[in-house]
Amino acid sequence: MELDPARLQALAAVVDLGSFDAAAERLHVTASAVSQRIRALEQAAGRVLLVRARPVRPTEHGLTLLRLARQLATLVDDAEAELRDEGGASLPIAVNSDSLVTWVLPALGPLAPDVRFDFHRGDQSQTVELLRAGTVIAAISSDSTPVQGCTLRPLGAMRYLPVASPDFAAHWFAKDPVAALAEAPLVQYDEDDGLQHDLLRRLGIDARPPRHRVPGSGEFVVAVEQGYGWGMVPELQLSGGVAPFLDTAIDVPLYWHSWALGTRALERASEALFEAAARHLYLTPTPGASPAA
């Protein structure tokens, strides 16, 4: 099967921009030329690669070649950066917000002059899907299932504690905190954030208390500080405005998934992240701590 790099580039551009016209503008060719490249690629693959809708999206077979297109672009970018001897390679990484704000940004900061980071935020249970789709070349995820063509290494466990503001805790948790959790309002990051309900299930509480959705790692902590409700906050992110109200924790194991490319930028980022993880994450969950569902 002949896989012309220009055809793979056209596939990535169409998926990125959602249309043949937009891809043509990016590639400085006509829409007809883009269409011809896609048809030739589909003929070579013997499969339909794109769903011609609005926006255009890849089929399952299209995703396979999209990953190849991304990998090829990354290798070319990295090689060009080394030949120029000036760095600047691009590195798209999927990472959960809590890790990004607490230990990932500080860990990768020293590399910023040489590497252009493109962070994609998502819940730790969802970030690996961006890797499977070819959107990123590496991901920090709680999913321990290997991705085809990628390496998988454990980073450590991120500890979350149930916390509340002093006033909220005095109102709701002064007598029996466990019983009060059936009715006490909670703060949730988004629909994928199940940590609060993981704690309720662990304590045997079958209830759906009121909740506030606050999408943003820093904003989440502020909402808890302001008394909107209680929430599971990373130990690394605790502030003076909140405190644990139960002697328990949930440890979320994190894994580093990355394409097996061996580019200089990816190797340097991986090394920096593992050094930081060794300092900030728990090697293994401690007895009594529960992994996230």
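The values are calculated or read from the model by the stated rules, or taken from the named source; none is laboratory data. Predicted model only: the values in this text are computed from it and were never measured. Note: ideal-geometry Cβ built from the backbone for every residue, glycine included; neighbour counts use all protein chains shown. Note: areas computed on protein heavy atoms with side chains; ligands, DNA, RNA excluded. Shrake-Rupley method; radii C 1.70, N 1.55, O 1.52, S 1.80 Å.
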Neighbourhood net charge (15 Å Cβ-Cβ; Lys/Arg +1, Asp/Glu -1) for LEU203: -2
Relative contact order of the chain, pairs being alpha-carbon contacts under 8 Å that are 6 or more residues apart, as %: 20 percent
Normalising by the residue count of region 1-153, find the relative contact order in percent from Cα pairs under 8 Å and 6+ residues apart. 19 percent
Within-12-Å neighbourhood charge of ASP193 [Cβ basis; K, R +1; D, E -1]: -4
Treating the beta-carbon of each Lys and Arg as +1 and of each Asp and Glu as -1, no other charges, what is the dipole magnitude of the chain about its Cα centre, to the nearest 20 debye? 700 debye
Residue (of ALA23, TYR282, VAL233) at the positive-pole extreme of the chain, dipole from beta-carbon charges: ALA23
Whole-Å semi-axes of region 127-207's equivalent ellipsoid (Cα gyration tensor): 36, 12, 12
Translational D (Stokes-Einstein, µm²/s) of region 91-166 at 37 °C and 0.692 mPa s when Rh comes from the Kirkwood sum over C-alpha pairs? 243 µm²/s
Label points 7 Å out from Cα along the Cβ direction at ARG279 and ARG264: separation in nm? 2.4 nm
Given H placed on each backbone N at 1.01 Å, which residues far from SER19 in sequence or on other chains put an amide H within less than 5 Å of it? VAL56
With the charge dipole of region 106-196 built from beta-carbon charges (+1 for Lys and Arg, -1 for Asp and Glu) about the Cα centre, the Cα from ALA169, ILE137, ALA180 projecting farthest to the positive end belongs to ILE137
For region 124-235, averaging the sequence separation of alpha carbon pairs under 8 Å that lie six or more residues apart and dividing by its residue count, the contact order in percent is 31 percent
Given backbone amide H placed at 1.01 Å from N, residues whose amide H is under 5 Å from that of ARG116, ignoring those fewer than 5 places away on the same chain, are GLY88, ALA89, SER90, LEU91
Amide H of GLN188: which non-local residues (sequence gap of 5 or more, or other chain) have their own amide H closer than 5 Å, using H built in the peptide plane? HIS212, ARG213, VAL214
Placing unit charges on C-beta atoms (Lys and Arg positive, Asp and Glu negative, everything else neutral), compute the dipole magnitude of region 187-293 about its Cα centre in debye, rounded to 20. 40 debye
Quick one: with all protein chains in place, what share of the accessible area of region 195-268 is carbon or sulfur, to the nearest percent (1.4 Å probe)? 46 percent
Looking at the chain as a GNM with Cα springs under 10 Å, which of ALA12, ALA207, ALA23 has the largest mean-square fluctuation? ALA207
So what's the gap between the Cα centers of region 211-246 and region 150-190, to the nearest angstrom? 8 Å
Reviewing [x] 42, 22, 16; [y] 31, 22, 19; [z] 37, 21, 17, the figure for semi-axes √(5λ) of the Cα gyration tensor in Å actually calculated from this model sits under [x]
Measuring from centroid to centroid over Cα atoms, what is the spacing of region 87-145 and region 1-76 in Å? 24 Å
Over all viewing directions the Cα convex hull of region 188-293 casts an average projected area in nm² of 8.5 nm²
If I take R0 = 35 Å and measure r between the Cβ atoms of ALA170 and HIS61 in this structure, what FRET efficiency does the formula 1/(1 + (r/R0)^6) give, to the nearest 0.05? 0.05
